[in-house]
Amino acid sequence: MEPLSPGLYIVATPIGNLGDLSPRAADILSRASVIAAEDTRVTAGLLRHIGTKRPMTPYHDHNADHVRPHLIARMATEAVALVSDAGTPLISDPGYKLVRDARAAGHTVVTIPGPCAAVAALTLAGLPTDRFLFAGFLPSKAKARTEAIAELGAIRATLIFYESGPRLGATLAALAEQLGDREAAVTREITKRFEEAVTGTLSTLAAHYAEAPPKGEIVIVVGPPGEAPPASIEDADAALADALTRLPVAKAAGEVAKKFGLDRKELYARALTLKDE
């Protein structure tokens with residue numbers, strides 16, 4: 001079997017159904033000099049599935065800073081494959097630092113794309129896909145979670161979160177309280193036998209899962225906010241007054257027109273009036 005060229009190979013692995021491992025991913029894993037794995041026991045099962053054995057080294061949140069320099073050094077002469085327990089590496093794991101340092105050292109970096117729970121959940125949810133934001137896991141503590149949701153709430157995009165079963169009810173309740181009754185979906189066991197996507201409003205889903213937390217890996221998908229209400233005269237005047245402290249009348253009117261989607265000529269006239277007052 002011909003060895004791989006030295007460098008870093010980012011290999012996406014199945015999120016449930018082992019049949020989703022691509023032939024290219026199987027080939028890379030079979031020929032890598034070493035596999036950097038989140039959990040070597042999980043990766044060992046995948047290697048058994050494709051009928052191969054390869055040297056492995058743990059690479060995860062708790063040891064990444066210590067292990068990374070050794071992996072970077074090996075890439076000069078060996079092919080290092082990076083895998084997570086499931087899905088695409090670098091999504092909610094420390095892999096990006098390995099990629100960054102590999103590039104800084106002048107090593108080749110190759111990606112072998114494949115399954116990703118966030119994108120798979122988005123396809124199941126039936127919510128807008130033209131613009132979306134992956135937000136990972138929300139903080140577990142209530143205050144930090146509230147602040148995180150507040151930051152995300154105004155973003156005009158579909159939001160994607162990872163979550164665990166025991167925390168699901170509280171997270172959905174917090175999302176419903178702060179974001180209102182947006183359309184959402186709770187997806188779990190993606191690609192596995194009991195794959196499901198339960199859809200509804202955030203409050204309906206929060207009530208559904210309040211007393212019956214599900215098992216398995218969970219992805220929450222939340223639809224974008226509705227259309228923002230039109231800006232009031234008071235809002236436009238306040239923005240114009242602020243802009244006039246920094247800009248000439250024409251530029252101030254242009255800035256506010258762009259921000260609020262209002263007519264520039266009308267704002268110019270209003271700005272002249274405000275400046276004279």
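The values are calculated or read from the model by the stated rules, or taken from the named source; none is laboratory data. Every value quoted in this text rests on a predicted model; they were computed, and no experiment measured them. Glycine gets a Cβ as well: all are built from the backbone with ideal geometry, and neighbour counts include every protein chain shown.
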Residue list for segment 193-242, filter: surrounded by 17 or more Cβ atoms within 10 Å (Cβ to Cβ) and part of a loop (DSSP other than H, G, I, E, B):
PRO214, GLU217, GLY223, PRO224
Would you mind stating whether VAL109 is surrounded by fewer than 20 Cβ atoms within 10 Å (Cβ to Cβ), in the same structural domain as PRO14 (by TED's automatic domain parsing), modelled with pLDDT of 95 or more and out of contact with any Lys or Arg (no Cβ under 7 Å at 6 or more places or on another chain)?
no
Residue under evaluation ARG54, criteria (1) exposed (fewer than 15 other Cβ atoms within 10 Å of the Cβ); (2) closer than 19 Å to SER30 by Cβ; (3) among the basic types (Lys, Arg), criterion not met:
(1)
Criterion (outside any strand (DSSP E or B), in contact with a Phe, Trp or Tyr (Cβ under 8 Å, 6 or more places away or on another chain) and either more than 24 Å from SER203 (Cβ to Cβ) or not β-branched (Val, Ile, Thr) (or both)) met by exactly one of LEU127, LEU168, LEU159
LEU168
Is it true that ALA257 is of a type in the set (A, V, I, L, M), modelled with pLDDT under 95 and outside the structural domain of LEU124 (by TED's automatic domain parsing)?
yes
Residue set GLY19, GLY95; condition crowded, with 18+ Cβ neighbours inside 10 Å and either among the aromatic types (Phe, Trp, Tyr) or under 27 Å from the mean Cα position of the chain (by Cα) (or both); output residue GLY95
Residues within segment 136-175 that are surrounded by 14 or more Cβ atoms within 10 Å (Cβ to Cβ), among the hydroxyl-bearing types (Ser, Thr, Tyr) and over 18 Å from ALA117 (Cα atoms), tallied:
2
Of all residues in segment 1-19, count the ones that are farther than 18 Å from PRO58 by Cα and either among the β-branched types (Val, Ile, Thr) or touching a Gly at 6+ places or on another chain (Cβ under 7 Å) (or both).
1
